[in-house]
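Notes follow once the structure below has been shown.
Values quoted throughout were computed directly from the atomic coordinates according to the rules given, and no laboratory measurement underlies them. These numbers come from a predicted model, not from an experiment. Here the Cβ positions follow ideal geometry from the backbone for every residue, glycine too, while neighbour counts run over all protein chains shown.
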Amino acid sequence: MLNADTAGPLWDDAPTDGAFTLADPDAAPEGAVVTSVARPILLGYAPAKPNARAMLILGGGGYTQLMAGREGIQVARWLTSLGYHAFVLIHRFPNGEHGVAAPLDDAMEAMRAIRASGRAESGLGVVGLSSGGHLAACLAADYPAEWAPPASRHSDQATRPDVLVVGYAPISTNAKGRTIVADKPPLPPVEKQAMYDRLQPDAQLMAAPPPAFIVYAGNDAVVPVENARRLHAAFEAAGASAELHVFADAPHGFALDTPDLPVSLWPRLCEAWLRQTGFL
């Protein structure tokens, strides 16, 4: 499945076949786009030389599709080259079928499942890009008290990341009352807007959050750079370590394949940061 070394369901032992739908089933895994998810799946990619640490990867797609290739599998290849066991989550979308909390519940269960697998003996980090960056930041924020999370198969495992990498993510500017664009209309479907309204990681950051690496484009026309500043300020206010990189000119969704632009250096900067934090 998408050239993964392992593939397994999160919440039960249902088969992986038919769990999600691809826009183009014949596309190379590195270009895979998921258009619908019936059951969440965790894809595992093993490194040649394991460093006893793992990374959960959360790709973007605006919570209505999932860039499982460009912002998932390609990121996994980069991380396995560094020695991490990389996991790409194919999570459910917030909609009438799965509800408001589905993406966060899936991400939290993925964290528990990876820790329970024994492949993160020395730590587990998260890399999230675009909407996946919002979801990643939510793992370092408080879970809404009024939500009732589903029963976990690994309830003894922690969901807090040991390090956090967030790229060009809509942290809170999609939330009602906090938009940058004046009179911005609600985002469809209603469950997606309700999720953004309730999950604002910069305003709900947990106590003692993990170290964070934050990377954005200053001229991003899709996700205002104010999202980066809000998240960075929240980490500073919490007394946590957070490194912020804003590249003046880069497209939204720059991921790992923007050659010849300064933003293409961000993975090297992130590697240096991971070494500095002791996570590499």
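What ratio of Cα Rg to 2.2 N^0.38 Å holds for the stretch 1-118? Working shown, then result.
Values: Rg = 13.3 Å, N = 118, 2.2 N^0.38 = 13.5 Å.
The reported ratio for this selection is 0.99.
For the stretch 112-166, what does the relative contact order come out to in percent, with C-alpha contacts under 8 Å and a separation of six or more? Walk me through the intermediate numbers first.
On the way: 56 pairs, mean separation 30.9, N = 55.
The value is 56 percent.
Hey, can you rank 34-47, 125-138 by average C-beta count inside 10 Å, highest first?
Numbers: 34-47: 19.6, 125-138: 29.1.
Ranked by mean Cβ neighbours within 10 Å, highest first: 125-138, 34-47.
Is the shape of the stretch 167-280 best called rounded, prolate or oblate, per the rule: a/c under 1.5 gives rounded, else a/b larger than b/c gives prolate, else oblate, with a ≥ b ≥ c the square roots of the Cα gyration tensor eigenvalues?
Values: a/c = 2.28, a/b = 1.28, b/c = 1.78.
In terms of gyration-tensor shape, oblate.
In what sequence, highest mean first, do 193-203, 143-153 appear when ranked by Cβ atoms within 10 angstrom?
Numbers: 193-203: 21.3, 143-153: 12.0.
The most tightly packed comes first, giving 193-203, 143-153.
Looking at the chain, what % of its DSSP beta bridges pair antiparallel, to the nearest 5?
On the way: 15 of 38 bridges.
Taking every DSSP beta bridge within the chain, about 40 percent pair in antiparallel fashion.
Evaluate the relative contact order of the stretch 88-188 (contact order divided by residue number), counting alpha-carbon pairs under 8 angstrom at least 6 apart; express in whole percent.
On the way: 120 pairs, mean separation 29.8, N = 101.
Rounded, it is 29 percent for the stretch 88-188.
Ranked from highest to lowest mean number of other Cβ atoms within 10 Å per residue, what is the order of the peptides 184-191, 156-163?
Values: 184-191: 13.8, 156-163: 17.4.
Those peptides, ordered most packed to least, come out 156-163, 184-191.
Give me the dipole magnitude in Debye, nearest 20, for the chain about the Cα centre, with unit charges on the beta carbon: positive for Lys and Arg, negative for Asp and Glu. Write out the running numbers ahead of the final one.
Details: 20 positive and 29 negative charges, 92 e Å.
Dipole of the chain, to the nearest 20 debye: 440 debye.
For the chain, what log10 I(q)/I(0) values come out of the Debye formula at q = 0.10, 0.11, 0.12, 0.13 1/Å, with one point per alpha carbon and no solvent?
With no solvent term, the Cα-only Debye profile gives -0.45, -0.56, -0.67, -0.81.
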